[in-house]
């Protein structure tokens, strides 16, 4: 376990060093990796390295929002280098997580979306399920990486906030503390993914079981059987929007995680089905990548729509993870096509480079978390992290 002094020293080293090197493990696996993948990964990592800004608090945008994906990427790069808990990548990740702590409400335990410019902005009402989910997951990774109990305590406060304010007892999470009370698939996918990460880290079957119940409810209320897509509905069950790409990929990632961590066959079947529908109904066959929504014409074809780079990066990550889990090249190929469609924008990326880099990391060194050791529900206690263990990467 790292002491507070050693962590502070590591952070200080990171803040005074120059550009971060690509981890040795990444360099080693580059020998057999496709050159395009290697080159893209190096370029995206360079963008994330350059985006680190100590004056803002680390990987924090101009709008006061920290990048949870940049933190997750840094922890993964540190782990690949064989230096979990040490080194500049870990130190920068921990510095950003520590800065993000100021966005955690001292009373409720929930996170506001961003740093407020003034007290008149009403930041207490900007507390969303997806944001709290992603920050919970970063805290879980920080805890499991360092063994430092302060990260577990902060994570437990987020869990407690979600349990009291955002959780729907029937299954699923409302979108935000104030506003929409319906189950939005994208927000639920992110929150459920984080809930499973917390359950896996603690070995507690209770959040696991709620996450599985939530997936079933999101699927049952959101799936349009005729179209085969998840859709958003209003309080009366009517369709509220055209099918959204984010709904398919974020729910798909949660289903895939559930299949790996909990072993339910139906979750893998559903994850595959969402990946199939993304290829069938959201793919932009002319420019590459995916449309942000699937708006059908009368003849059944899909209208051309915008391609959101951030959502496409998440789609590439979903495809890469599915390829890693199944060993099927078609999903890895779909990830590569999606990434290649945005090659011309690499030098324009900032913090948004992190999801692209995570997708490429998954392509280059596929891995899956080892199945958690679940405690007895009566005796379950969230006070000790499970041992950090990952299956060996499947080399290609």
Can you tell me how much longer the chain between residue 36 and residue 217 gets when fully stretched, taken as 0.36 nm per residue apart minus their C-alpha distance, in nm with one decimal? 61.1 nm
With a/c under 1.5 counting as rounded, go ahead and sort the range 4-364 into rounded, prolate or oblate using the C-alpha gyration tensor (a ≥ b ≥ c being the square roots of the eigenvalues; past the cut-off, prolate if a/b is larger than b/c, else oblate). oblate
Inter-site label distance for residue 160 and residue 303 at 7 Å from Cα along Cβ, in nm: 4.8
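For the pair residue 287 and residue 347, what calculated FRET efficiency results from E = 1/(1 + (r/R0)^6), where r is the Cβ-Cβ distance and R0 = 25 Å, to the nearest 0.05?
On the way: r = 19 Å, r/R0 = 0.75.
Given R0 = 25 Å and the Cβ-Cβ separation, E is 0.85.
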Point-to-point label distance, residue 239-residue 226, nm (Cα→Cβ direction, 7 Å offset): 0.7
Between the range 317-373 and the range 264-301, the Cα center-to-center distance that results, in Å: 17
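From the Cα gyration tensor of the range 249-356, with a ≥ b ≥ c the square roots of its eigenvalues, which class applies: rounded if a/c is under 1.5, or else prolate if a/b is larger than b/c, or else oblate?
Details: a/c = 2.04, a/b = 1.23, b/c = 1.65.
The shape class here is oblate.
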Sort 245, 279 by Cβ crowding within 10 Å, fewest neighbours at the top. 279, 245
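Using mean Cβ contacts within 10 Å as the protection proxy, how do 339-345, 188-194, 75-81, 287-293 order, highest first?
Numbers: 339-345: 16.4, 188-194: 29.4, 75-81: 22.7, 287-293: 20.1.
Highest to lowest by the protection proxy: 188-194, 75-81, 287-293, 339-345.
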Describe numerically, in nm with one decimal, the distance between label points set 7 Å from Cα along Cα→Cβ at residue 340 and at residue 153. 5.1
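Here, each number is a calculation from the coordinates, and none is a lab measurement. Note that this is a predicted model, so its numbers are computed, not measured. Glycine also receives a Cβ, built like all others from the backbone with ideal geometry; neighbour counts cover every protein chain displayed.
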